[in-house]
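Worksheet: the structure to be examined is printed underneath.
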Amino acid sequence: MMLSSAGLPAPPQQGEVFEPGGRRIGRVDFHFDGIVLGEFDGRVRYGRLLKPGQSPGDAVFAEKQREDALRDLGFQVVRWTWDELESPGQVAERVRRAIARAATPRGWVTQAPLPSAQRLTLRSL
């Protein structure tokens, strides 16, 4: 994985985040020691994965509200994109800085079930 090649331990994938009262806040792509949450962003989330009737703007706004709730609980959130995979050291450095400034959050992260494998469809360009 990209982050382990940059000297970080491989983080668990797919975590469910909860607030102190037990309400589920959302799912995250990665989590580091239950304090730093990693989100890998691709454009598909704001395209073909939209819910019926949802616009890309609606999806971005909902994502912002979810991230605000995560930060309000004390989690550090680090995001990266496909383009940044070419510079794993930069992403790893952002994760290291987030770990350094992190305090104990008021919520917790549990391992979520990984999505089932899906058959890949190859398309010509």
* To do: May I ask you to list the residues in segment 69-125 that are touching a helix residue (DSSP H, G or I) at 6+ places or on another chain (Cβ under 9 Å), in a helix (DSSP H, G or I) and among the β-branched types (Val, Ile, Thr)?
  => 91, 95
* To do: Determine, yes or no, whether residue 87 is within 24 Å of residue 115 (Cα to Cα), exposed (fewer than 14 other Cβ atoms within 10 Å of the Cβ) and among the small types (Gly, Ala, Ser).
  => no
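Would you mind finding the one in 27, 96 that is over 24 Å from residue 114 (Cα atoms) and touching a residue at least 12 places away in the same chain (Cβ under 8 Å)? Give the derivation first.
Numbers: 27 fails: over 24 Å from residue 114 (Cα atoms).
Going through 27, 96 in turn, just one is over 24 Å from residue 114 (Cα atoms) and touching a residue at least 12 places away in the same chain (Cβ under 8 Å): 96.
Taking segment 33-60 as the search range and keeping residues that are of a type outside the set (D, E, K, R) and modelled with pLDDT of 90 or more, which one is most open to solvent (accessible area, probe 1.4 Å)?
Among those residues, the one meeting the criterion is 35.
The values are calculated or read from the model by the stated rules, or taken from the named source; none is laboratory data. The structure presented is a predicted model; accordingly, all values stated were derived computationally and were not measured. So basically every Cβ, Gly included, is an ideal-geometry build from the backbone, and we count neighbours across all protein chains shown. Areas reflect the complete protein model, heavy atoms only, side chains present, ligands, DNA and RNA absent. Shrake-Rupley method; radii C 1.70, N 1.55, O 1.52, S 1.80 Å.
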